[in-house]
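Read-outs throughout are calculated quantities, based only on the coordinates presented, and are distinct from any laboratory measurement. Nothing here was measured: the structure is a model prediction, and the numbers come from that model. Because the Cβ atoms are built from the backbone with ideal geometry, glycine has one as well, and the counts that use them run over all protein chains shown.
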Amino acid sequence: MTVYDKATIQTQSRYNRIAPVYDLMEAIVERFAFRRWREKLWPQVDGNRILEVGVGTGKNISHYPRGIQVTAVDLSDKMLERARRRAQELDSEVDLRLMDAQRLTFPDAAFDVAVATFVFCSVPDPVLGLRELGRVVRPGGQILLLEHVRVNKPVIGKLMDLFDPFVVRLMGPHINRRTVENVRKAGLEIERVEELAPGGLVKLIVARTKHGQIGG
Ligand SMILES: C[S@@+](CC[C@H](N)C(=O)[O-])C[C@H]1O[C@@H](n2cnc3c(N)ncnc32)[C@H](O)[C@@H]1O
């Protein structure tokens with residue numbers, strides 16, 4: 001049995017709590033923004049062995065490119081339950097597993113690509129989680145992230161810092177994560193950052209693990 005630290009248990013129970021209403025809560029943003037951004041991300045996947053971290057209720061499953069092997073993990077069993085149902089409905093062969101991104105049980109270099117969408121806002125220690133992606137993706141492999149981040153504007157940024165503790169307790173994600181910086185701190189090489197929403201609120205981050213280096 002896996003033993004989690006306090007912050008990870010809290011994250012898990014928050015997502016277990018909101019799992020039944022998660023899709024409903026996100027329906028409007030999904031329809032008018034997230035879906036478009038998912039459609040932008042998935043065709044960029046460069047490889048056949050794919051890991052999706054923080055699969056949630058499985059909203060990316062319908063976007064997986066045909067003919068590739070996807071393994072997808074999440075910390076919340078209740079979110080995963082929904083992903084399983086969605087996978088069945090879509091007749092997808094995705095391999096779904098309960099796992100903490102901060103302690104992946106896969107061997108080094110097991111995947112060509114790792115993908116996460118709106119996940120590193122919630123992982124308690126994002127640098128540790130990103131380092132784990134760097135470990136399980138082969139040297140020179142790709143890491144694709146879709147993330148909302150702290151806006152780099154004095155007033156809005158400070159407001160995001162102020163409201164962050166309430167949003168975390170209520171919903172699970174942090175609204176003031178500096179994910180581009182965290183990707184660098186994890187020892188990954190940033191290839192490209194694309195701003196998708198005004199003020200750089202949502203970004204598509206394309207990074208690579210360093211050649212000849214396993215484990216970041
Ligand atoms: C905001 S939801 C996003 C779900 C999905 N990726 C999407 O695009 O709809 C964040 C997800 O990350 C998962 N998560 C948070 N911390 C995690 C961790 N340490 N390991 C694995 N999954 C985690 C949560 O359980 C939740 O399902």
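Scanning the chain for DSSP H helices at least 20 Å long along the axis (C-alpha atoms) with a Kyte-Doolittle mean no lower than 0.5 picks out 154-171.
Of all beta bridges DSSP finds with both residues in the chain, what is the antiparallel percent, to the nearest 5?
Details: 13 of 31 bridges.
Percentage antiparallel, nearest 5: 40.
The calculated 222 nm mean residue ellipticity attributable to helices in the chain amounts to -11000 deg cm²/dmol, summing -39500 (n - 2.57) over DSSP H runs of n ≥ 4 and dividing by all residues. Each peptide in 73-86, 102-115 was scored by the mean count of other Cβ atoms within 10 Å over its residues; highest first, the order is 73-86, 102-115.
Note that the range 124-202 shows a convex hull volume over its alpha carbon atoms of 97 Å³ per residue.
Report relative contact order for the chain in percent, whole number only (criteria: Cα-Cα under 8 Å, sequence separation at least 6).
Numbers: 421 pairs, mean separation 41.4, N = 216.
Relative contact order here is 19 percent.
Can you pull out the trypsin sites (Lys or Arg not before Pro) in the range 151-216 whose DSSP state is coil and whose Cβ has at most 16 other Cβ atoms within 10 Å?
Details: sites: LYS158, ARG169, ARG177, ARG178, ARG184, LYS185, ARG192, LYS203, ARG208, LYS210; in loops: ARG177, ARG178, LYS210.
Within the range 151-216, the qualifying trypsin sites (Lys or Arg not before Pro) (loop, at most 16 other Cβ atoms within 10 Å) are ARG178, LYS210.
Counting only residues at least eight positions apart within a chain, or on another chain, the lysines with an alpha carbon under 18 Å from that of LYS78 are LYS59.
Based on the Cβ-Cβ distance from ALA33 to HIS211, what FRET efficiency comes out when R0 is 35 Å, to the nearest 0.05? Display every interim value, and only then the final one.
Details: r = 35 Å, r/R0 = 0.99.
With R0 = 35 Å, the Cβ-Cβ based efficiency is 0.50.
The magnitude of the dipole of the range 1-130, with charges of +1 and -1 set on the Cβ of Lys/Arg and Asp/Glu and taken from the Cα centre, is near 400 debye. Taking every alpha-carbon pair within the chain, the share separated by more than 23 Å comes to 43 percent. When the charge dipole of the chain is built from unit charges on Cβ atoms (+1 for Lys and Arg, -1 for Asp and Glu) and taken about the Cα centre, the candidate among PRO65, LEU98, GLY187 whose Cα reaches farthest toward its positive end is GLY187.
Please state the shape class of the range 1-74: rounded when a/c is under 1.5, otherwise prolate if a/b exceeds b/c and oblate if not, all from the C-alpha gyration tensor. Mind showing how you got there, number by number?
On the way: a/c = 2.78, a/b = 1.29, b/c = 2.15.
Note, shape of the range 1-74 comes out oblate.
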